[in-house]
Amino acid sequence: MDRQIRRMAVALLGLFLLLLAQVNYIQVFAADELANNPANRRLIIQEYEVDRGDILARDARTVLARSVTSRGELRFLRRYPDPHLYAGITGYYSVVFGRSELEQSYNDYLSGRAPALFPTNLVDELLGRPKRGATVITTIDPRLQEVARDALGDRPGAVAAVDPATGEVLVLVSVPSFNPNPLSSHDPATARDAWRALQDAPGQPLLANANDLFYPPGSTFKILTAAAALENGLGPDSEWDNPPELDLPQTESTITNAGGGTCPGGGERVTLARAFQYSCNVIFGEIGLELGGERLAEQSEAFGFEQDVPFDIPFREGQFSTLDSFENDQPAVARSAIGLQDVRANPLHMALVGAAIANDGVLMRPQLVREVRGPQGLVIDEMDPEEWGRPISSETASILTELMESVVEAGTGTAARIPGIPVAGKTGTARYSNEAPPHVWFVAFAPADQPRIAVAVVVLNGGGFGDEASGGRVAAPIARAVIEAYLGTGG
Amino acid sequence: MSEAAAPRGRPRVQLALTVLALVLASGAYALVSLGRTGGITPDVPLVAGLLLAGYLSGHLLVRRLAPTADPVFFPVASLLTGLGFAMIYRLGPDLRTAPQNIALPQGIWMTVALVAFGLTLWLVKDHRQLDAFTYTIGLVGIALLLLPLVPGLGRTVNGAQLWVEIGPLRFQPSELGKVAVVVFLASYLNAKKEILQLAPGRLGPFQLPQARHLGPVLVAWGVSLVILFVQKDIGASLLYFGIFVLMLWLATARGAYLSLGIVLFAIGAVIGASQFGHVESRIDIRLHALDPQIVQDEGYQLAQAQFAMATGGIAGSGLGQGLPTYIPFAYTDFMFAALGEELGLFGSVGVLLLFVVLIGRGFRAALDQSEGFGKLLAAGLATVLGVQAFIIIGGVTRLIPLTGITLPFVSYGGSSLVANYVILALLIRTSAGPAPSLRAREGVGG
């Protein structure tokens with residue numbers, strides 16, 4: 001009988017070894033997958049036990065997002081007091097759809113999980129208080145944000161403004177926007193309904209036009225083409241032939257100046273400075289062909305195109321046409337030089353381009369968060385301005401500043417003129433298609449002699465002006481409103 | 001381990017282990033209090049005091065009534081109970097899991113179980129005494145199993161009719177019936193093992209004993225089918241039939257009984273599946289618990305158990321810090337998942353190891369016996385504990401289809417606790433040999 005008893009013992013031991021293996025499988029090997037199953041409420045409930053930190057504007061008072069206590073199963077509810085104005089910055093915080101924008105990228109701080117918060121967490125834990133998250137203070141200027149929104153109105157587009165010396169983002173307005181409140185509801189049905197409505201809405205409201213999406217920059221890209229020319233030994237007085245249209249090699253297509261005719265202010269030949277002031281496509285096509293695709297690509301890369309631009313929320317980097325596409329296609333080079341073809345940029349990126357010129361050719365890392373404060377108000381993380389690159393020399397920067405000033409003084413951007421303040425700017429009217437009105441742009445900074453703000457504006461598809469729309473007419477006044485408000489001369 | 005001498009008569013070892021169990025159990029209780037309220041509630045010292053009294057009484061009872069017993073049994077079992085108690089205190093009162101305070105009744109039942117434990121040790125001075133009451137105990141066992149079917153007594157709880165209600169008292173007689181059945185089988189099979197080993201007949205590939213000796217197998221099959229079909233208790237049905245077949249094999253060493261048992265159980269399962277959809281759906285749910293279509297419905301309980309353990313991970317959420325209350329019936333059938341969530345892999349592996357030690361000592365005690373009844377008794381009791389723990393832990397972890405049954409020593413429930421402490425007392429008695437009083441009367445030796 002002893003043999004059977006031993007066998008039985010061994011058999012049972014075998015069964016327990018199976019249990020041991022299964023327990024290891026559940027709690028170790030498959031643990032992540034199981035725990036992240038959407039039907040597992042544990043992680044979400046734990047997460048909502050935390051008094052999530054506020055997201056504030058740069059004044060540390062204006063609330064972009066905050067937590068309020070809730071009576072339901074989930075303890076804290078996320079609220080956005082001015083939802084449409086800041087949705088592209090805060091993002092949403094949803095039981096169903098997760099997080100986006102700052103709610104996502106600063107989640108460790110907001111949810112109190114960052115190591116810096118450990119001492120506070122411990123005290124809260126010992127006192128039986130709910131865990132508190134840190135407060136994220138953004139660089140956004142709330143007054144300016146409102147000015148930009150009012151100036152843009154309900155026209156699809158975006159406004160971005162940066163402090164050129166620090167890279168701090170002062171304004172980030174996108175239209176269309178969305179309301180993160182219903183998405184962040186604890187009731188999954190409410191969140192799903194809101195989500196579905198946003199999916200069906202025109203213009204992808206969940207993606208911010210200011211930084212999540214990009215568009216052909218049109219003539220504002222001439223800033224980069226001019227920079228490439230200056231960096232490669234040409235000067236503002238370098239001259240090119242001035243025909244009414246540029247016959248593109250290898251094809252029958254041509255590039256013409258906006259409104260037709262030759263470049264104004266020139267004769268047989270026209271200078272780079274003039275061509276820039278009046279945004280002459282023909283001349284810039286010639287410059288592009290002379291420089292070649294590779295130099296243009298290099299210059300745009302120096303400005304962060306096709307690079308990973310570090311930013312606190314998703315940033316759709318600028319795109320330049322691939323060099324492969326230029327092989328046997330010289331017209332593509334010419335069209336890229338005037339910001340068409342496959343060139344794309346988001347408005348924040350164009351504001352950074354303006355800021356680099358304003359900042360003596362030094363491109364600062366764009367920065368959306370100034371500092372993070374613990375629940376007691378102590379600063380636990382401070383974001384210092386950081387140089388990200390030097391796309392151009394300081395000589396090039398000062399020449400470009402002069403060129404851009406001439407645009408506002410007497411060129412295509414006179415609508416941005418502000419009495420008493422020198423403004424540097426560049427218009428853009430991207431006729432990317434024959435079927436739709438152009439995207440109109442304006443990139444500017446001011447005061448030109450001592451820049452404090454750089455702005456980029458895009459109004460998509462003409463903003464209601466149809467084919468008559470141009471950057472100077474539609475986008476420049478918006479940029480002017482923002483600059484005026486910031487420099488304190490606006491009415 | 002087999003060559004090691006039986007660790008008999010080492011009361012100091014038992015005392016040390018008991019103190020360790022006490023510290024762990026009181027500590028777990030205190031941690032629950034801390035985890036749930038953020039402080040040590042006034043009941044913590046009180047409960048610690050009561051636990052101290054209970055653990056020391058248990059230790060002294062063994063020391064007094066069975067001084068030569070294996071010192072591992074009581075501390076291991078009482079640690080399982082202590083951990084279970086902390087978890088029960090943690091789970092209730094919560095409207096989702098337990099409608100009222102379940103720690104108090106569990107505490108009372110722990111006391112009752114301790115009394116039953118002492119009484120068993122005191123009454124059964126020599127386990128061989130039980131060998132004299134073979135059929136009485138057998139009839140009592142079957143009667144207990146079928147008691148819930150008596151009109152006016154039986155109560156159906158959660159679809160299974162296994163409760164008996166007399167006045168305010170409600171209990172599950174099948175739990176105690178389990179003990180009686182094992183004692184009966186040990187006695188009956190020990191007496192009949194030679195006859196059952198004979199194989200005059202054949203049925204296909206199986207060698208079979210004479211029909212009249214086969215009777216008990218068929219009776220056991222019938223009883224387990226009644227439990228399955230009338231009481232709708234798959235877990236108990238599987239447990240009884242499994243124990244019966246395994247003990248038959250222990251006694252006779254005939255593999256044919258195992259095969260026959262499997263065939264008969266398979267027939268029962270197939271009939272059950274076709275008749276009720278009861279069995280089949282459980283297998284389905286085990287396989288598909290996490291499918292989005294059923295994860296919120298039929299699969300909910302099992303899925304929540306997986307989520308609980310997975311979220312607990314290696315280190316666990318900490319006692320009182322997880323959400324085991326999301327598992328329906330965490331305090332009875334799903335105790336293991338609740339412990340796994342809050343104590344992590346360390347806790348669940350710890351519980352498994354405690355069972356392995358407990359069951360292993362049971363088999364050790366069986367091997368140490370010189371006569372067949374004692375061997376069968378200890379091995380049978382160890383098998384009951386092992387199979388029951390495997391059925392429920394395997395079910396909760398989705399290793400096998402889920403059949404609702406308590407986790408011995410750990411789960412909430414008086415009948416289960418009392419029955420398991422009677423089993424523990426019998427194992428201790430068997431490992432110790434006759435009580436000192438009896439030995440004194442018989443003279444030294446034995």
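The values are calculated or read from the model by the stated rules, or taken from the named source; none is laboratory data. These numbers were taken from a predicted model, which means no experiment stands behind them. Quick reminder, even Gly has a Cβ in these numbers, built from the backbone with ideal geometry, and neighbours come from all protein chains shown. Accessible surface is based on the protein model in full, side chains and every heavy atom, while ligands, DNA and RNA are left aside. Shrake-Rupley method; radii C 1.70, N 1.55, O 1.52, S 1.80 Å.
Annotations
- Angstrom value of the Kirkwood radius, inverse mean 1/r, which spans all Cα pairs in the stretch A:405-491: 12.7
- Protection proxy ranking, highest mean first, for peptides B:243-251, B:121-129, A:444-452: B:243-251, A:444-452, B:121-129, where packing is the per-residue count of other beta-carbon atoms within 10 Å, averaged.
- All lysines inside 18 Å of B:Lys232 as judged from Cα atoms, apart from same-chain residues fewer than 8 positions distant: B:Lys178
- The dipole here belongs to chain A: it is taken about the Cα centre, uses +1 on the Cβ of Lys and Arg and -1 on the Cβ of Asp and Glu, and is about 2460 debye.
- Sequence-ordered 3J(HN,Hα) estimates for the stretch B:57-73 from the Karplus curve with 6.51, -1.76 and 1.60 and θ = phi - 60° stand at 4, x, 4, 5, 4, 5, 4, 6, 8, 9, x, 8, 6, 4, x, 8, 3 Hz, glycine and proline given as x.
- Ranked packing of B:68-78, A:80-90, A:201-211, most packed first, by mean Cβ within 10 Å: B:68-78, A:80-90, A:201-211
- Positive-end residue of A:Ile140, A:Leu127, A:Ala201, charge dipole of the stretch A:95-221 with Cβ unit charges: A:Leu127
- Projecting the Cα atoms of A:Ala258, B:Leu24, A:Ser470 onto the dipole axis of the protein assembly as shown, where Lys and Arg carry +1 and Asp and Glu carry -1 at the beta carbon, places B:Leu24 farthest toward the positive end.
- Phi-based couplings in Hz for the stretch A:228-245 (Karplus 6.51, -1.76, 1.60; Gly and Pro marked x): 4, 5, 5, 5, 10, x, 8, x, x, 9, 4, 10, 9, 4, 10, x, x, 9
- Close amide H pairs (under 5 Å, H built 1.01 Å from N) link A:Met364 with A:Trp388, residues at least 5 positions away or on another chain.
- Inter-chain shielding of B:378-391 (mean C-beta neighbours from other protein chains, 10 Å cut-off): 3
- Taking Lys and Arg as +1 and Asp and Glu as -1, the other residues whose beta-carbon sits under 10 Å from that of B:Ala103 total 0.
- Largest-first principal axis extents of the Cα set of the protein assembly as shown (Å): 132, 64, 54
- Take A:151-160, B:172-181 and order them by the average number of nearby Cβ atoms within 10 Å per residue, most first; the result is B:172-181, A:151-160.
- Computed with a 1.4 Å probe over protein heavy atoms only, the accessible surface of chain A comes to 40 Å² per residue.
- Which of B:Leu377, B:Ala338, B:Ser78, positive extreme of dipole for the protein assembly as shown (C-beta unit charges): B:Leu377
- Share of Cα-Cα pairs in chain A lying beyond 35 Å, as whole percent: 40
- Within straight-line cross-link reach of A:Lys426, aspartates and glutamates at Cα separation under 14 Å, skipping those fewer than 8 residues along the same chain: A:Glu402, A:Glu405, A:Glu409
- Percent RCO, i.e. relative contact order, over the stretch A:218-487, from Cα pairs under 8 Å lying at least 6 residues apart: 17
- If you wrap the Cα atoms of chain B in a convex hull and average its projected area over all directions, you get 22.5 nm².
- Averaged over the residues of A:29-36, the number of partner chain Cβ atoms lying within 10 Å of the residue Cβ comes to 5.
- Residue by residue along A:39-51, Cβ atoms of other protein chains within 10 Å of the local Cβ number 4 on average.
- Length-normalised contact order of the stretch B:11-442 in % [C-alpha pairs under 8 Å, at least 6 apart]: 24
- Cβ charges +1 (Lys, Arg) and -1 (Asp, Glu), total dipole of the stretch A:218-487, debye: 960
- Between A and B, roughly 3800 Å² of accessible area is buried in total, ligands, DNA and RNA not counted and the probe set to 1.4 Å.
- Amide H contacts of B:Gly92: B:Ile102, each under 5 Å away and 5 or more positions distant or on a separate chain (H built 1.01 Å from N in the peptide plane; Pro and chain starts excluded).
- Of A:Arg71, B:Arg439, A:Arg192, the order by accessible heavy-atom surface (1.4 Å probe, DNA, RNA and ligands excluded), from most exposed downward, is A:Arg71, A:Arg192, B:Arg439.
- Computed from phi, the 3J(HN,Hα) profile of the stretch A:123-139 under the Karplus parametrisation 6.51, -1.76, 1.60 (θ = phi - 60°) reads 4, 4, 4, 5, 8, x, 8, x, 5, 10, x, 8, 8, 9, 9, 8, 8 Hz, with x in place of Gly and Pro.
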